[in-house]
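The block underneath contains the structure these notes are about, expressed in structure tokens.
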Amino acid sequence: MHLIRYYSTKIKDLHPHSTIKIFRRDGSLPKTKNKTKLIQPAVTNNKIDVTNETTTAQSEINNDFAENVVKVQMISRNLHEQIFKSTKNPKNEETENYIAALKKHGIDVTSTDRLEDVNMILPKLHGKNIEEHFYTIAKEQVAPYERLLNILVTCKKLPKRPEKWIFKSGWTIYDPVTGEGKSVNVPIDDALIFDVEVCVTEGAAPTLATAVSASHWYSWVSPQLTAKPPVESIEKSSFSAKRYCLKDLIPLGTNGPKVIVGHNVSYDRARLREQYLIDDTGVRFVDTMSLHISVSGITSYQRALLKSRKETDPEDEEWQSQSSLNSLVDVHRLYCGGEALTKEPRNIFLEGNLTDVKDNFQMLMGYCAGDVEATFNIFTKLYPMYLERFPHPATLVGMLELGSAYLPVNANWPRYIKESDLAYEDLSIEAKNHLTRRADNACRLMKNEAYRDHLWLWDEDWSTQEIKLKKTKPVKKTPVNLTHIENGDLT
């Protein structure tokens with residue numbers, strides 16, 4: 001078989017490959033890196049006395065070296081005293097039992113090598129032990145964002161949705177009482193439920209957005225939509241290759257801390273202006289889809305069952321009542337119940353253009369605001385469940401930090417993606433050909449029931465069934481009336 005694109009020959013250049021490393025054992029113990037004290041050798045009768053230097057160095061190594069009862073080297077005593085205030089040593093009887101059990105399995109605990117110890121001064125622990133230390137620093141890190149999230153969770157009722165949305169580019173804030181809109185540069189609230197809509201046929205830039213806090217509604221409209229006429233893409237087929245500027249994205253400001261809550265919020269985050277700045281703006285994101293997966297997620301097998309839409313087996317009813325797929329509609333049905341969310345207006349964003357969006361502006365803004373309200377309802381139900389399931393603050397800190405990560409790239413990124421796709425295609429073709437050969441060899445075992453002697457395939461289901469082929473019905477030919485032919489009538 002010829003190599004596809006002759007690309008597979010470069011696999012070893014793209015992926016790490018195994019190498020042989022040779023380690024040479026040194027008979028003497030390694031020296032420590034602690035160079036805070038310089039030992040001056042004594043000079044006697046013009047001769048250097050190195051006995052005192054060797055003895056002192058060896059003494060420092062022995063005092064700092066630590067191992068457990070089965071001769072496994074532990075962290076140095078210097079680090080141990082800084083991290084652990086007290087230790088509990090096993091009894092002598094337990095130690096003898098451990099060593100005897102290892103020797104019974106041929107493990108010699110005496111032939112061990114010592115690695116070089118690490119001596120350093122660690123920062124002071126924030127607590128009595130290392131567990132309290134990590135809890136304390138995680139609590140300090142998450143405190144400002146936890147306060148903002150609690151504002152949303154404790155909000156009993158959202159402000160009234162505006163009856164009419166202002167068709168004006170940029171951000172608009174709405175009065176919670178009168179519903180009147182006023183232009184602002186960025187939202188003034190620091191805790192927002194947020195959703196973005198994109199006219200897919202016109203590019204990947206945001207078209208509409210709505211947000212709500214505990215006190216105000218907000219709307220954002222793209223300048224391309226408010227232009228007269230709307231600025232539409234010239235080449236519809238190449239919109240994905242269009243380059244965007246920061247002015248095409250949605251601003252949120254740089255005065256943190258702020259919290260943005262959304263469903264699949266990474267899609268919305270990609271369309272925020274400040275997320276492409278190098279400096280951290282203090283904005284963090286909470287994804288209700290990630291919360292749902294953490295609390296009531298499903299396996300790939302369960303996902304396939306839910307997507308198959310087949311009749312539910314009695315044994316699957318219990319877990320299906322406690323989980324769902326990850327879409328906003330399914331998650332809202334699971335935690336909030338009630339009527340199913342309507343997604344019909346979304347087709348305008350998928351199939352229409354900016355003119356269609358402009359003609360249906362009020363209806364589409366209401367659709368976007370409905371998703372925001374649904375996300376809020378999910379969050380108020382799901383966030384307390386998440387904290388109950390994962391009470392340690394480090395878990396929430398990890399989610400916030402991972403949600404704000406980014407990958408700097410240069411012009412080589414498209415080439416990397418292209419070459420990765422080519423490598424995947426080549427390996428996929430090679431794997432399919434290999435599996436085809438293996439399947440063909442397995443089928444050959446049917447002859448004379450040779451599979452009964454196979455080490456791995458003997459207990460598989462080797463039953464066969466007859467394939468019924470449909471018989472083709474012969475085409476009935478219309479009889480020819482010879483009398484008409486003799487009379488010259490060919491009709």
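A Cβ distance below 6 Å, combined with a sequence gap of six or more or placement on separate chains, defines the contacts here; from the range 280-305, residues that are of a type in the set (D, E, K, R) reach no residue that is open to solvent by 40 Å² or more (accessible area, probe 1.4 Å). Sub-7 Å Cβ pairs linking a first residue in the range 152-175 that is within 22 Å of ASP359 (Cβ to Cβ) to a second residue that is in a loop (DSSP other than H, G, I, E, B) and open to solvent by 20 Å² or more (accessible area, probe 1.4 Å), at least 6 apart or interchain, are PRO162/GLY179; GLU163/GLY179; THR172/ILE166, ordered by first then second residue. For the criterion of being touching a helix residue (DSSP H, G or I) at 6+ places or on another chain (Cβ under 8 Å) and either in a strand (DSSP E or B) or crowded, with 18+ Cβ neighbours inside 10 Å (or both), LEU122 fails. Selection of helices (runs of 4 or more DSSP H) fully inside the range 360-475 by the criterion of at least 2 residues being assigned by the TED database to the domain that holds HIS216 and of a type in the set (S, T, N, Q) returns 361-389. The single residue among TYR276, TYR267 that is over 19 Å from the mean Cα position of the chain (by Cα) and in contact (Cβ under 8 Å) with a residue 24 or more places away in the chain turns out to be TYR276. Every condition in (1) surrounded by fewer than 16 Cβ atoms within 10 Å (Cβ to Cβ); (2) free of Cβ contacts under 8 Å to residues at least 40 places away in the same chain; (3) farther than 21 Å from GLU351 by Cα holds for SER215 except the one numbered (2).
The residues of the range 261-286 that are part of a loop (DSSP other than H, G, I, E, B) and either of a type in the set (Asp, Glu) or in contact with a Lys or Arg (Cβ under 6 Å, 6 or more places away or on another chain) (or both), listed by number, are ASP279, ASP280. Within the range 268-295, the set of residues being open to solvent by 10 Å² or more (accessible area, probe 1.4 Å) and of a type in the set (Ser, Thr, Tyr) comprises TYR276, THR281, SER290, SER294. Of note, MET385 does not satisfy the criterion of being open to solvent by 40 Å² or more (accessible area, probe 1.4 Å), more than 29 Å from VAL261 (Cα to Cα) and aliphatic (A, V, I, L, M). With respect to (1) modelled with pLDDT of 50 or more; (2) within 15 Å of ARG114 (Cβ to Cβ); (3) open to solvent by less than 60 Å² (accessible area, probe 1.4 Å); (4) not in a loop (DSSP other than H, G, I, E, B), the lone exception for ASN63 is condition (3). When the residues of the range 319-351 are filtered to those that are among the polar types (S, T, N, Q) and exposed (fewer than 14 other Cβ atoms within 10 Å of the Cβ), the one that is nearest to VAL372 (Cα to Cα) is THR342.
For the range 315-335, the count of residues that are within 24 Å of ALA405 (Cα to Cα) and either free of Cβ contacts under 8 Å to residues at least 60 places away in the same chain or assigned to a loop (DSSP other than H, G, I, E, B) (or both) is nonzero.
Residues in the range 423-460 that are open to solvent by less than 60 Å² (accessible area, probe 1.4 Å) and without any contact (Cβ under 8 Å) to a residue 12 or more places away in the chain: 5 in all.
Being open to solvent by 10 Å² or more (accessible area, probe 1.4 Å) and either more than 18 Å from GLY366 (Cβ to Cβ) or in contact with a strand residue (DSSP E or B) (Cβ under 7 Å, 6 or more places away or on another chain) (or both) is a property that holds for ALA205.
The values are calculated or read from the model by the stated rules, or taken from the named source; none is laboratory data. The structure displayed is predicted, hence computed values, not measured ones. All Cβ positions, glycine included, derive from the backbone under ideal geometry; neighbour counts span all protein chains shown. Calculation scope for accessible area: heavy atoms of the full protein, side chains included, ligands and nucleic acids excluded. Shrake-Rupley method; radii C 1.70, N 1.55, O 1.52, S 1.80 Å.
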